[in-house]
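First comes the structure, then the notes that go with it.
The values are calculated or read from the model by the stated rules, or taken from the named source; none is laboratory data. Here the structure is a predicted model, which is why all the values come from computation and not from measurement. When we count neighbours, we look across all protein chains shown, and the Cβ atoms used for this are built from the backbone with ideal geometry, even at glycine.
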Amino acid sequence: MIYPAPEFQAFETQLLARGSLNPKVRDIQRFFIGNARDVDMDRQGRLLLPEPLRAAAGLGTKATLSGIGNLFELWDAETFARRNADTAESLASDAAAGDLPDVLMDISL
């Protein structure tokens with residue numbers, strides 16, 4: 001996930017406000033905050049990701065940046081295409097069966 005800095009700072013503040021005495025909370029803090037990295041863009045607008053982040057995300061030579069509200073997801077391009085196709089198929093099947101989550105039922109396109 002890629003958050004604009006102000007969005008991540010708000011998330012970080014909320015997460016740190018949960019305290020750190022509970023080991024599971026501390027693990028979650030360590031995972032999200034400890035692994036967070038600032039990234040820069042080059043002159044061509046490409047994100048410059050450190051190799052450990054590229055490896056952890058399973059990124060190949062081509063990537064897809066998907067915007068979702070206040071965050072972005074960075075995917076390996078082939079993985080994203082497969083996931084999108086699977087999601088489209090699943091959504092069509094669920095919609096035909098009337099099996100979409102209730103929280104989506106009052107949204108129209």
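Here are the numbers:
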quantity: Near pairs, Cβ below 9 angstrom, 6+ apart or cross-chain, from segment 11-35 (in contact (Cβ under 8 Å) with a residue 24 or more places away in the chain) to any residue that is surrounded by 12 or more Cβ atoms within 10 Å (Cβ to Cβ) and not in a helix (DSSP H, G or I); calculated: Glu12/Ala36
quantity: Matching option when the condition is surrounded by 12 or more Cβ atoms within 10 Å (Cβ to Cβ), more than 15 Å from the chain's Cα centre (by Cα), over 12 Å from Tyr3 (Cα atoms) and of a type in the set (Gly, Ala, Ser), among Ala81, Ala55, Ala85; calculated: Ala81
quantity: Residue in segment 60-81 that is modelled with pLDDT under 90, in contact with an Asp or Glu (Cβ under 9 Å, 6 or more places away or on another chain) and hydrophobic (A, V, I, L, M, F, W, C) present; calculated: yes
quantity: Residue within segment 65-72 that is of a type outside the set (S, T, N, Q), surrounded by 10 or more Cβ atoms within 10 Å (Cβ to Cβ) and free of Cβ contacts under 8 Å to residues at least 12 places away in the same chain present; calculated: no
quantity: Single match in Leu104, Leu100, Leu21, Leu48 (criterion: among the aliphatic types (A, V, I, L, M) and surrounded by 12 or more Cβ atoms within 10 Å (Cβ to Cβ)); calculated: Leu100
quantity: Residue count for segment 1-54, restricted to those that are in a helix (DSSP H, G or I) and small (Gly, Ala, Ser); calculated: 3
quantity: Any hit, segment 55-65, residues being of a type outside the set (A, V, I, L, M, F, W, C) and in a helix (DSSP H, G or I); calculated: no
quantity: Pairs with Cβ under 6 Å, 6+ apart, first in segment 74-90 and among the aromatic types (Phe, Trp, Tyr), second surrounded by 11 or more Cβ atoms within 10 Å (Cβ to Cβ) and modelled with pLDDT under 95; calculated: Trp75/Thr64; Phe80/Thr64
quantity: Residue satisfying all of: in segment 25-45; polar (S, T, N, Q) and out of contact with any Ser or Thr (no Cβ under 9 Å at 6 or more places or on another chain); surrounded by the most Cβ atoms within 10 Å (Cβ to Cβ) among these; calculated: Asn35
